[in-house]
Each structure stands twice: as structure tokens, then as C-alpha cells.
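K.L.:
Below is one structure. I have some questions about it.
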Amino acid sequence: MPPPPVLPIGASGRSAIDIARDAAQEAGALALSRFRRPHEITVKGRGDLLTETDLAVEKLLHNAIKAEFPEHALLSEETASTIYELARKLGKEPVYCRDTFGFLANRAARGRNDALELLWAHIATPEDIDKAMRLGYNHPMGPLELGDLIGSWSLSVHAEEDTITEFGWDGGHVHPLVKMMVRAGYTGGQGKKGIYDFWRDVLSKW
């Protein structure tokens, strides 16, 4: 196993872990002090709610980190929409996703169930998951739009027992999201609703 990375020392001489712990405790105290109070609510990214407490916590963390590591640049979920729009103005094709382990395309490329889990956990929309696969891996289609096109969701559910027998649980089980979709009539296929519709009609509202 490779040795763990060496974390930087802040301007105060404290370790990065101590700085992060202290900042998190201060941020938690700030958020708790505003709990159950009325809030101004706006929207960030693809419809996620954002309050002035979120922004205040972000500012506190930003200032704490910037004071210790002034040479480091920072990007947060709360203000990511600004970077998103800047990228589009520069002619880039950004995707929006919540903070998660690994890159969006790398996780989706591990297998269809991984792509489904990203959607199930509201990490990204179907459009952005498929877009990441098309642009990141040069695939003609993403896994979710392909499932909608050929109507593979229903087939996957009906064939689950056989695929588990053939490939084991990890390779053969059907994600709970697919079973839920199929039970609700979102099977995909020609002229039928699929996972994109299920996201818009049901999952995005949770």
C-alpha cells in the first residue's frame, strides 16, 4: 500500500486536519444557532434549495481555509452554478453533480448499476450522467438513455434470477430504482416512458 499523502501545514502552524476540525465545529455551531429560524430560500444548480445559512456557513469555511492556505483556490457546491455558466460561456460542456467519491464519468463507467446509484442518490440528473459518459468516454450514448431507447429496464427485472445465476449477485442483481420504475410502468422502449420520465415525474421530487 502506498503511504498516505502528506497534508500541508497552515499559516498558523496547525495541521490541515486540526484546521478542518476547528472550522467544521465553528460551522456546525453557526448552522445550529440558526436552526428553525425563517430563511430566505433560493435555488442552486439543478433545483437544489439554498438558504442564507448555507451561504454563511460556506463563507465561514472559505475564510478559515483561505486564511491558512492563501495560495489555494476554492470551489463549493453553493456557488458552483457561477462556474457552470462561466464554462458554458467559454464554449465548454460542463456537467453538474453533487460532491461524491470519484469523478462522475468514472463512477458511471463502472457499470449500469453504478450509473443508476448516482441517480438514485441524487448525485446527478440522467442528462448529466449520460452527458458525462458521451463526452468523457466518447460513447455514442449514455447507459440511461440507451436503457430508455431499447426498453431494457423491464427485461432486466424479468431476467434477474438468470443473470444472478450466471454472474453472481454483484454482476446480476437489478438496482431497486429499476424495479420501482417498472412497477410504476416506466419500462422504456418505443413510445413508452423510461428513466428520464421517472426522474422528472417522481424521483426529482423526493
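K.L.:
Looking at the chain as a GNM with Cα springs under 10 Å, which of Ile17, Ile150, Ile195 has the largest mean-square fluctuation?
P.N.:
Ile17
K.L.:
Still on this model: Check cross-link reach from Lys92 to the lysines: straight Cα distance under 16 Å, and skip same-chain residues fewer than eight apart.
P.N.:
Lys131
K.L.:
Work out the FRET efficiency for Ala121 and Ile9 from their Cβ-Cβ distance, taking R0 = 35 Å, and round it to the nearest 0.05.
P.N.:
Working: r = 35 Å, r/R0 = 0.99.
After rounding to 0.05, the efficiency reads 0.50.
K.L.:
Hey, another quick one. Check cross-link reach from Lys192 to the lysines: straight Cα distance under 18 Å, and skip same-chain residues fewer than eight apart.
P.N.:
Candidates past the 8-residue exclusion: Lys179.
K.L.:
Please list, by residue number, every one of the trypsin sites (Lys or Arg not before Pro) in region 106-141 that is coil in DSSP and has at most 15 other beta-carbon atoms within 10 Å.
P.N.:
Numbers: sites: Arg107, Arg110, Arg112, Lys131, Arg134; in loops: Arg110.
Passing sites in region 106-141 are Arg110.
K.L.:
Mean projection of the alpha-carbon convex hull of region 104-205 over all orientations, in nm²?
P.N.:
The directionally averaged projection comes out at 6.1 nm².
Values quoted throughout were computed directly from the atomic coordinates according to the rules given, and no laboratory measurement underlies them. Quick caveat: nothing in here was measured; it's all calculated off a predicted structure. Reconstructed Cβ throughout: ideal geometry from the backbone, glycine too, with neighbour counts over all protein chains shown.
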